[in-house]
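Here's the structure we're looking at; comments come further down.
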Amino acid sequence: MSREKTDNRLCPGKIDLHIHSTFSDGTDTPEQILEHAREIGLDLFSITDHDALKAGPVIRSLRKEGDPAFVTGVEFSCKDEKGKYHILGYGYDPEAEAVQSLVEKSHSYRLEKVHARLDFLRDEYGFDFPEKEIKGLFALENPGKPHLGNLMARYGYAGSKDEAISNYINKCKFRSRYLTPREAIEGILACGGIPILAHPPYGNGSQMIVGEELEQRVKRLIGYGLQGLEGFYSRYPAELRSEILALAQKYHTELPYITAGSDYHGSNKRVRLADTGCPDASRGPIGLQDFLEAVLQ
């Protein structure tokens, strides 16, 4: 299966390859993201919704001549006996059975977690919601912690979404099922895509993995076919970014690609679109240049 390519700008300067829309846990629609990308002068962007592919066709139907280039993206939540990971996929064939199967499987696991969390909140704290709210929650493309946290705040069970998540939702110890990183990586490769490890030091977003532990984790994922690291990210301090870029350089033969993303979620996170730590991708390291060439030719 051939990799899907974008259609313009071989040397973009301002990019953001890690964005979430209302098709997962962001608050901006794909239409709003495209308009925002136009306003701030992005050259290239990707919407990488959790376990969802629907933003890509929307963007492609809306793009006009002169708009920022766009590359198809997705983000899978993964876990194996060694820990949790977020695996990004870019430039895949969105109609391929391999990626469709990954999305369907991961989505079913996500719904299991929502059911478990609702049961936990009711049984442990007596938090209950009207049937219409429950139906609305499960009608979402990919309901998750932010949606449930906002619902709790709206009904007065917590002072805010973040308080709801940290003080209540995260205490649910349900043994969730996940895709394994091997499944995600091999599935992305099978449909012509590029698998990238998202925010490597942060694992599933809330960890801190550095030094030998990080290197061993990356080496293990290389064995499954991982092709790159998210080398620029909104939450990286300079020393952490340097460590990741050095690791990418050390394993450049096996990991030819570097990406840059903000992890923008609209109002669900205090992160701005294009806040990647890489102000000019056209002057970025070789791995980033190689990635841009791979998805933009």
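The values are calculated or read from the model by the stated rules, or taken from the named source; none is laboratory data. Since the model is a prediction, treat every value here as computed from it, not as a measurement. Note that each Cβ is placed from the backbone with ideal geometry, even for glycine, and that neighbours are counted across all protein chains shown.
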Within the range 115-160, residues being among the charged types (D, E, K, R), crowded, with 17+ Cβ neighbours inside 10 Å and over 22 Å from PRO30 (Cβ atoms) number 1
Open item on the list: Just to be sure before I move on: is GLU112 surrounded by fewer than 22 Cβ atoms within 10 Å (Cβ to Cβ), part of a loop (DSSP other than H, G, I, E, B) and among the charged types (D, E, K, R) in the structure I sent?
Closed with: no
Those residues of the range 59-92 which are within 22 Å of SER108 (Cβ to Cβ) and charged (D, E, K, R) amount to GLU75, LYS79, ASP80, GLU81, LYS84
When restricted to ASN204, ASN142, the only residue modelled with pLDDT under 95, closer than 25 Å to GLU104 by Cα, in contact with a Ser or Thr (Cβ under 8 Å, 6 or more places away or on another chain) and assigned by TED's automatic domain parsing to the domain that holds VAL74 is ASN204
Tell me whether the range 219-232 contains one or more residues that are modelled with pLDDT of 95 or more, charged (D, E, K, R) and either over 18 Å from the mean Cα position of the chain (by Cα) or assigned by TED's automatic domain parsing to the domain that holds LYS145 (or both).
yes
Given (1) surrounded by 17 or more Cβ atoms within 10 Å (Cβ to Cβ); (2) in contact (Cβ under 8 Å) with a residue 40 or more places away in the chain; (3) not hydroxyl-bearing (Ser, Thr, Tyr), LEU34 misses just (2)
How many residues of the range 13-31 are under 18 Å from ARG272 (Cβ atoms), of a type outside the set (Ser, Thr, Tyr), surrounded by fewer than 23 Cβ atoms within 10 Å (Cβ to Cβ) and out of contact with any Lys or Arg (no Cβ under 9 Å at 6 or more places or on another chain)? The answer is 2
- Please indicate, with yes or no, whether at least one residue in the range 213-223 is surrounded by 20 or more Cβ atoms within 10 Å (Cβ to Cβ) and small (Gly, Ala, Ser). no
Taking the range 51-103 and keeping only residues that are of a type in the set (D, E, K, R) and more than 16 Å from ARG38 (Cβ to Cβ), one is left with ASP51, LYS54, GLU75, LYS79, ASP80, GLU81, LYS82, LYS84, ASP93, GLU95, GLU97
Among the residues of the range 77-109, the number that are more than 26 Å from ASP263 (Cα to Cα) and surrounded by 18 or more Cβ atoms within 10 Å (Cβ to Cβ) is 0
Residue hits (the range 236-270; at pLDDT 95 or above, assigned to a loop (DSSP other than H, G, I, E, B) and either under 15 Å from the mean Cα position of the chain (by Cα) or among the polar types (S, T, N, Q) (or both)) are THR253, SER262, ASP263, HIS265
### Query
Can you find a residue in the range 240-256 that is closer than 24 Å to HIS36 by Cα and either buried (at least 16 other Cβ atoms within 10 Å of the Cβ) or of a type in the set (A, V, I, L, M) (or both)?
no
Picked from the range 170-179 (must be within 25 Å of PRO200 (Cβ to Cβ) and in contact with a Phe, Trp or Tyr (Cβ under 9 Å, 6 or more places away or on another chain)), the residue surrounded by the most Cβ atoms within 10 Å (Cβ to Cβ) is LEU179
For the range 169-190, pairs from a residue that is outside any helix (DSSP H, G or I) to a residue that is surrounded by fewer than 20 Cβ atoms within 10 Å (Cβ to Cβ) and acidic (Asp, Glu), with Cβ under 6 Å and 6 or more apart or across chains, are THR180/ASP80
